[in-house]
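Below is one structure; the comments refer to it alone.
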Amino acid sequence: MESNHSSVGYEEIPANLLASHEARVAVNQVSPKIFEAIRLRTALVLFDAAYSGVVQPDIHFIPLRKDFANVDQVLANLQDDDYWKAMTERACNGVVVSGKYSFSRFVEEVDADMERRVLHIDSRERLVAHIFADRK
């Protein structure tokens, strides 16, 4: 089977086919490396983005604009010991110590979501269901 667009070069594909879809999907989710760095109280310098809502600019990390227009302020913040120490402490307490993003919290939230979406039964019905299940 031969394509109607066999003359289109590789370089033209992004411009012609993908450009209209650019920025439609957020790909700036938080990485496990962020959690590790926060736990080690590392001052984070990140591009200003959403990061799944886990970390907030100027609260948990020093935001760097993608055009580097604020690089002088970023460097000044890194040289200010009180600033970055307070920021790393806030990040550690808010993200790690709080347990908000722990594996056990994740499991609790998955369980709760499954109960809400799949089971649709309250605790009384669950108790009765277990009693009758044991009699079979």
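The values are calculated or read from the model by the stated rules, or taken from the named source; none is laboratory data. Fair warning: this is a prediction, and the values are worked out from it, not measured in the lab. Neighbour counts run over all protein chains shown; Cβ positions are idealised from the backbone, glycine included. These area figures cover heavy atoms from the full protein model, side chains too; ligands, DNA and RNA do not enter into them. Shrake-Rupley method; radii C 1.70, N 1.55, O 1.52, S 1.80 Å.
Does residue 101 count as among the aromatic types (Phe, Trp, Tyr), touching a residue at least 40 places away in the same chain (Cβ under 8 Å) and open to solvent by 30 Å² or more (accessible area, probe 1.4 Å)?
On the way: among the aromatic types (Phe, Trp, Tyr): yes; touching a residue at least 40 places away in the same chain (Cβ under 8 Å): yes; open to solvent by 30 Å² or more (accessible area, probe 1.4 Å): yes.
Against the criterion (among the aromatic types (Phe, Trp, Tyr), touching a residue at least 40 places away in the same chain (Cβ under 8 Å) and open to solvent by 30 Å² or more (accessible area, probe 1.4 Å)), residue 101 qualifies.
Could you tell me how many of the residues in the stretch 34-49 are under 21 Å from residue 73 (Cβ atoms) and out of contact with any strand residue (DSSP E or B) (no Cβ under 8 Å at 6 or more places or on another chain)? Break it down stepwise before answering.
Step one: list which residues in the stretch 34-49 are under 21 Å from residue 73 (Cβ atoms), which gives 37, 42-49.
Those still in the list that are out of contact with any strand residue (DSSP E or B) (no Cβ under 8 Å at 6 or more places or on another chain) too: 37, 42, 49.
Adding up the residues that qualify gives 3.
Does residue 117 meet the test of being of a type outside the set (Asp, Glu), assigned to a helix (DSSP H, G or I), open to solvent by 70 Å² or more (accessible area, probe 1.4 Å) and at pLDDT below 95?
Numbers: of a type outside the set (Asp, Glu): yes; assigned to a helix (DSSP H, G or I): yes; open to solvent by 70 Å² or more (accessible area, probe 1.4 Å): yes; at pLDDT below 95: yes.
Considered against the rule, which asks whether it is of a type outside the set (Asp, Glu), assigned to a helix (DSSP H, G or I), open to solvent by 70 Å² or more (accessible area, probe 1.4 Å) and at pLDDT below 95, residue 117 comes out as yes.
Can we say residue 59 is in contact with a helix residue (DSSP H, G or I) (Cβ under 7 Å, 6 or more places away or on another chain), part of a loop (DSSP other than H, G, I, E, B), closer than 23 Å to residue 102 by Cα and without any contact (Cβ under 8 Å) to a residue 60 or more places away in the chain? Even if it seems obvious, please write down each step before you answer.
Working: in contact with a helix residue (DSSP H, G or I) (Cβ under 7 Å, 6 or more places away or on another chain): yes; part of a loop (DSSP other than H, G, I, E, B): yes; closer than 23 Å to residue 102 by Cα: yes; without any contact (Cβ under 8 Å) to a residue 60 or more places away in the chain: yes.
Taking the combined requirement at face value, the residue satisfies it.
Which one is farthest from residue 87 (Cα to Cα) among residues in the stretch 21-40 that are open to solvent by 90 Å² or more (accessible area, probe 1.4 Å) and not hydrophobic (A, V, I, L, M, F, W, C)?
Only one residue tops the list, namely 21.
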